[in-house]
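A single structure is presented below for examination.
The values are calculated or read from the model by the stated rules, or taken from the named source; none is laboratory data. Since the model is a prediction, treat every value here as computed from it, not as a measurement. Positions of Cβ are generated from backbone atoms using ideal geometry, with glycine treated the same way; all protein chains shown enter the neighbour counts. Only protein heavy atoms, including side chains, enter the accessible area calculation; ligands, DNA and RNA are left aside. Shrake-Rupley method; radii C 1.70, N 1.55, O 1.52, S 1.80 Å.
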Amino acid sequence: MDKLKILFASSEVVPFAKTGGLADVAGSLPLALEEVGMDVRVIMPRYRIKVKEDQSSLARDVKVYFIRNDGYFDRQELYGDKFGDYKDNLDRFSFFSKKILETCKRELFAPDIIHCNDWQTALVPVYLNTIYKYDPFFAKTRVLFTIHNLAYQGLFDKDEFPKIGLDWALFHVNYFEFYGKVNLMKAGIVYADAVSTVSQTYAKEMLTPKFGCGMEGVLKSREAALYGILNGIDYEAWSPEKDDKIFKKYSVQTMEDKYVNKEMLQKESGIEVGRDIPLIGVVSRLVDQKGFDLVSRVISEALNMKTQFILLGTGEQKYHAIFEKVAKTHKKNASINLKFDAVLAQKIYAGSDIFLIPSKFEPCGLSQMISFKYGTIPVVRQTGGLKDTVSEFDPKTGGGNGFTFEEYKPQELLAAIKRALDAHKDKQKWAKLVKKVMALDFSWEKSAEEYVKLYKKILQ
Ligand code: ADP
C-alpha cells in the first residue's frame, strides 16, 4: 500500500515559532509519523523568524511549507501583544486556512488526512466541506481536528463573520454561532471527520460542564468520533544527555552532574548555592489555567521551609505583580524570571529537584514529562494528562513517580509540596526515585502508532 499522505497544519512549530506545547507537538509528532511510515508534511505561517532558505524541513527531511503574508505574519508576536489579541486574527487565520488548501493543490499534494490543530486551523474542515466540497482534488481527503486546549476557541464578534467568506446561513447554532459570537473551534469540531485531544482523561473531562468551556454539548454530539491520544516528547530535544543548553550534560550513570547543574543554576540566579537545599522549579505560562492563584497563596509558606524557588514564565499582569513581590520579599531564596527563555527553561528542568504543575486543568502537559527525563520530580494536580502520567510516590514501597493532589485548594498543594520536601530528605530513596523517573518513556512512538490507527479508521 502507498504511504498515507498526511499534512500537519499548525500555527506554531518548534524550532520555528513557539508559545506553548502545541509547537512542541507540531515539531515532533510529524517526525514520529514519518518514522512509522507516513508521508508527512507540515504547514505553518511564516512569522518574523529567521528561517534560512535551506531550513524548509524538520529533521529527517520532513518538508515544511511556510505561508507568507508579511502584512499578517511579519510581527513580533504570534497572536497578540501587550494590548491583547491582534485585531485582525480572524483575517490572519482564515487566510492561513485557505492557503493550506491552496498549497495542497499548488504542490499537487492531495493529503489523505489533514491533521488540524486548535482554532487557528479549525476553518480547514469547514472550507473543505463547503468551498471545496465538489473539488475532485480533495475527494479522498479527510480531516482530524486535534484540540490542545479548549480554553482558546477562536471567538470573534458576529460582525466579523463575513471575513470567513462563507454564507451567513452558517452563522447558526449548529455551526459557527456560540452565544452570539463566531466560534471557529466549534465549527471545526462540527465539520471534522474526527476530533481528538491530547490525553484520555481530558477527552472525558471535556464532555463535562466543569471542563468543557461551553463546548461540552457540541463535543457530546461528536462523542462517537472523539478520541484521546497522549502527547509524547521528543527525546532528541529534551534529554540531559544531549542537551547543549544546560551547564553540564548528564545521564543516570553520571548523576553527580545533575547537581553541578543545580549549583550553577543557583549561582546564576543569585540564590544560595547548596546541593541539599531543595530547589523547586516552575516553567510556565502565568495564567489561571496553570494554578498560579494556588502557587501565589502558598509560596511564602513554602519558602519559609528552607527551600528555594525558581520561576520562569510570562502571562497575566496580575501574576507578574504577585511574583515581583515574591522576588522582593524572598531575595535570598527566590529567583523570578518574567520572560520567555528557552535556554533558562532547560537549565531549570535540569537544575531543580522538584517541579510544580498545579493546573486547574491540563489537556496533556509536557513539563511533567520533560521533568521526568531530567530527574526532576513533579508535584501536580490530578487532572487531564497530568493524571494520566503522574502517580503519587509511596515512600514505603517506592511506587509512584511524583506528588499529587486532587482538590483545587491551596492547602492541598502545600501538603503535596511538604510530602515532596519530606521525601527529599531521605537521600537514598530520593536518588532511587530520580533514577526511576529518568527511565520512564514518554516518547512519541506509541502515540504515533495510535494516530496512524486513527487516520486509518477515519479513512475507512
Ligand atoms: P501549554 O502548552 O499549556 O503552555 P505545556 O506543558 O503543554 O503547556 O507546554 C509548555 C511548553 O512551553 C513547555 O515546553 C515549557 O517548557 C514551555 N514554556 C512555557 N513557558 C515558558 C517560558 N517562559 N520560557 C520558556 N519555555 C516555556
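I'm trying to understand the selection: among the residues of segment 154-191, which are small (Gly, Ala, Ser), closer than 15 Å to ILE131 by Cα and either open to solvent by less than 40 Å² (accessible area, probe 1.4 Å) or in a loop (DSSP other than H, G, I, E, B) (or both)?
Taking segment 154-191 first, the residues small (Gly, Ala, Ser) are 154, 165, 169, 180, 187-188.
With the extra rule that they be closer than 15 Å to ILE131 by Cα, the set shrinks to 165, 169, 187-188.
The answer is GLY165, ALA187, GLY188.
Within segment 3-16, track down each residue that is open to solvent by less than 20 Å² (accessible area, probe 1.4 Å) and over 13 Å from the mean Cα position of the chain (by Cα).
LEU4, ILE6, LEU7, PHE8, ALA9, PHE16
Oh, and also: When the residues of segment 221-236 are narrowed to those that are open to solvent by less than 50 Å² (accessible area, probe 1.4 Å) and in a loop (DSSP other than H, G, I, E, B), which ends up farthest from the ligand (Cβ to nearest atom)?
Residues of segment 221-236 open to solvent by less than 50 Å² (accessible area, probe 1.4 Å): 222, 225-226, 228-235.
Going one step further and asking which of them are in a loop (DSSP other than H, G, I, E, B), we end up with 222, 229-232, 234-235.
Details: ARG222: 23, ILE229: 14, LEU230: 12, ASN231: 7, GLY232: 12, ASP234: 10, TYR235: 13 Å.
In this case the residue turns out to be ARG222.
What's the total number of residues in segment 414-442 that are over 20 Å from PHE372 (Cβ atoms) and surrounded by 17 or more Cβ atoms within 10 Å (Cβ to Cβ)?
1
Look at segment 267-297 and say how many of its residues are of a type in the set (A, V, I, L, M), more than 12 Å from the ligand (Cβ to nearest atom) and open to solvent by less than 30 Å² (accessible area, probe 1.4 Å).
Within segment 267-297, the first condition is being of a type in the set (A, V, I, L, M), and the residues that meet it are 271, 273, 277, 279-280, 282-283, 286-287, 294-295.
Of the ones still in play, those that are also more than 12 Å from the ligand (Cβ to nearest atom) are 271, 273, 277, 279-280, 294-295.
Those left that are additionally open to solvent by less than 30 Å² (accessible area, probe 1.4 Å): 271, 277, 279-280, 294-295.
Number of matching residues: 6.
Next question, about the same structure. Checking LYS331 against (1) outside any loop (DSSP other than H, G, I, E, B); (2) open to solvent by 30 Å² or more (accessible area, probe 1.4 Å), which test does it fail?
Only one criterion is unmet by LYS331, namely (1).
Hey, any hits in segment 238-256 for a residue that's modelled with pLDDT under 95 and either of a type in the set (Phe, Trp, Tyr) or within 16 Å of the ligand (Cβ to nearest atom) (or both)?
So far as segment 238-256 goes, yes, one or more of its residues are modelled with pLDDT under 95 and either of a type in the set (Phe, Trp, Tyr) or within 16 Å of the ligand (Cβ to nearest atom) (or both).
Is it the case that some residue within segment 128-138 is of a type in the set (S, T, N, Q), touching a helix residue (DSSP H, G or I) at 6+ places or on another chain (Cβ under 8 Å) and surrounded by fewer than 18 Cβ atoms within 10 Å (Cβ to Cβ)?
First pass over segment 128-138, keeping only residues of a type in the set (S, T, N, Q): 129-130.
With the extra rule that they be touching a helix residue (DSSP H, G or I) at 6+ places or on another chain (Cβ under 8 Å), the set shrinks to 129-130.
Now restrict to residues that are surrounded by fewer than 18 Cβ atoms within 10 Å (Cβ to Cβ): 129-130.
Yes: one or more hits.
Condition first: crowded, with 23+ Cβ neighbours inside 10 Å and within 13 Å of the ligand (Cβ to nearest atom). Can you find one or more residues in segment 390-406 that meet it?
Within segment 390-406, one or more residues are crowded, with 23+ Cβ neighbours inside 10 Å and within 13 Å of the ligand (Cβ to nearest atom).
Would you mind finding the one in PHE109, PHE145 that is closer than 27 Å to VAL64 by Cβ and either assigned to a strand (DSSP E or B) or open to solvent by 20 Å² or more (accessible area, probe 1.4 Å) (or both)? Don't jump to the end; show me each part of the working.
On the way: PHE109 fails: either assigned to a strand (DSSP E or B) or open to solvent by 20 Å² or more (accessible area, probe 1.4 Å) (or both).
Just one listed residue meets the conditions, PHE145.
I would also like to ask the following. Is it the case that some residue within segment 348-360 is within 30 Å of ALA237 (Cα to Cα), within 10 Å of the ligand (Cβ to nearest atom) and open to solvent by 40 Å² or more (accessible area, probe 1.4 Å)?
Within segment 348-360, none of the residues are within 30 Å of ALA237 (Cα to Cα), within 10 Å of the ligand (Cβ to nearest atom) and open to solvent by 40 Å² or more (accessible area, probe 1.4 Å).
Would a scan of segment 53-69 turn up a residue that is surrounded by 19 or more Cβ atoms within 10 Å (Cβ to Cβ) and under 25 Å from LEU166 (Cβ atoms)?
yes
Here is a check on your reading of the model: is ASP112 under 16 Å from TYR451 (Cβ atoms), more than 16 Å from the ligand (Cβ to nearest atom) and more than 23 Å from the chain's Cα centre (by Cα)? Walk me through how you get there before you give the answer.
Working: under 16 Å from TYR451 (Cβ atoms): yes; more than 16 Å from the ligand (Cβ to nearest atom): yes; more than 23 Å from the chain's Cα centre (by Cα): yes.
In short, yes.
For (1) within 13 Å of the ligand (Cβ to nearest atom); (2) of a type in the set (Phe, Trp, Tyr); (3) within 25 Å of the chain's Cα centre (by Cα); (4) at pLDDT 95 or above, each residue gets a yes or a no:
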position	(1), (2), (3), (4)
ASN304	no, no, no, no
GLN308	no, no, no, yes
LYS328	no, no, no, yes
LYS331	no, no, no, no
GLN346	yes, no, yes, yes
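Looking only at segment 365-387, which residues are open to solvent by 10 Å² or more (accessible area, probe 1.4 Å) and within 11 Å of the ligand (Cβ to nearest atom)? Write out each step before concluding.
To start, the set of residues in segment 365-387 that are open to solvent by 10 Å² or more (accessible area, probe 1.4 Å) comprises 365-367, 373, 381-382, 387.
GLY365, LEU366, SER367, listed by residue number.
Scan ILE246, ILE299 and give me the residue that is of a type in the set (Val, Ile, Thr), closer than 25 Å to LYS339 by Cα and outside any loop (DSSP other than H, G, I, E, B).
Numbers: ILE246 fails: outside any loop (DSSP other than H, G, I, E, B).
That would be ILE299, the only listed residue that is of a type in the set (Val, Ile, Thr), closer than 25 Å to LYS339 by Cα and outside any loop (DSSP other than H, G, I, E, B).
To continue, here is another question. Mind counting the residues in segment 309-328 that are outside any strand (DSSP E or B) and open to solvent by 50 Å² or more (accessible area, probe 1.4 Å)?
Going through segment 309-328, the residues outside any strand (DSSP E or B) turn out to be 316-328.
Checking which are open to solvent by 50 Å² or more (accessible area, probe 1.4 Å) leaves us with 316-318, 321-322, 324-325, 328.
Looking only at that region, the number is 8.
Now for a different question. Enumerate the helices (runs of 4 or more DSSP H) found wholly within segment 355-458, keeping only those where 2 or more residues are closer than 23 Å to THR19 by Cα. Even if it seems obvious, please write down each step before you answer.
Working: elements: 367-373, 384-389, 410-425, 427-438.
So the answer is 367-373, 384-389.
State which residue is farthest from the ligand (Cβ to nearest atom) when the search covers only segment 310-326 and only residues that are of a type outside the set (A, V, I, L, M) and without any contact (Cβ under 8 Å) to a residue 24 or more places away in the chain.
Step one: filter segment 310-326 for residues of a type outside the set (A, V, I, L, M), giving 313-320, 323-325.
Narrowing the set further to residues that are without any contact (Cβ under 8 Å) to a residue 24 or more places away in the chain leaves 317-318, 324-325.
Values: GLN317: 15, LYS318: 17, GLU324: 15, LYS325: 19 Å.
Residue satisfying both the conditions and the ranking: LYS325.
How many residues are over 20 Å from the mean Cα position of the chain (by Cα), open to solvent by less than 30 Å² (accessible area, probe 1.4 Å) and among the hydroxyl-bearing types (Ser, Thr, Tyr) if we restrict to segment 237-259?
2
Can you pull out the residues in segment 115-143 that are of a type outside the set (Val, Ile, Thr) and touching a Cys at 6+ places or on another chain (Cβ under 7 Å)?
Residues of segment 115-143 that are of a type outside the set (Val, Ile, Thr), as a first pass: 115-120, 122-123, 125, 127-129, 132-140, 142.
ALA122, PRO125, listed by residue number.
Mind listing whichever residues of segment 264-287 are touching a residue at least 24 places away in the same chain (Cβ under 8 Å), over 20 Å from SER300 (Cα atoms) and in a helix (DSSP H, G or I)?
First, the residues of segment 264-287 that are touching a residue at least 24 places away in the same chain (Cβ under 8 Å): 264-266, 268-272, 277-287.
Retained after the next criterion (residues that are over 20 Å from SER300 (Cα atoms)): 264-265, 268, 285.
Hits for segment 264-287 are MET264, LEU265, GLU268.
Then there is this: Could you count how many residues in segment 85-114 are of a type in the set (Ser, Thr, Tyr) and more than 18 Å from THR141 (Cα to Cα)? I'd like the intermediate steps shown before the answer.
Within segment 85-114, the first condition is being of a type in the set (Ser, Thr, Tyr), and the residues that meet it are 86, 94, 97, 103.
Now restrict to residues that are more than 18 Å from THR141 (Cα to Cα): 86, 94.
Within segment 85-114, residues that are of a type in the set (Ser, Thr, Tyr) and more than 18 Å from THR141 (Cα to Cα) number 2.
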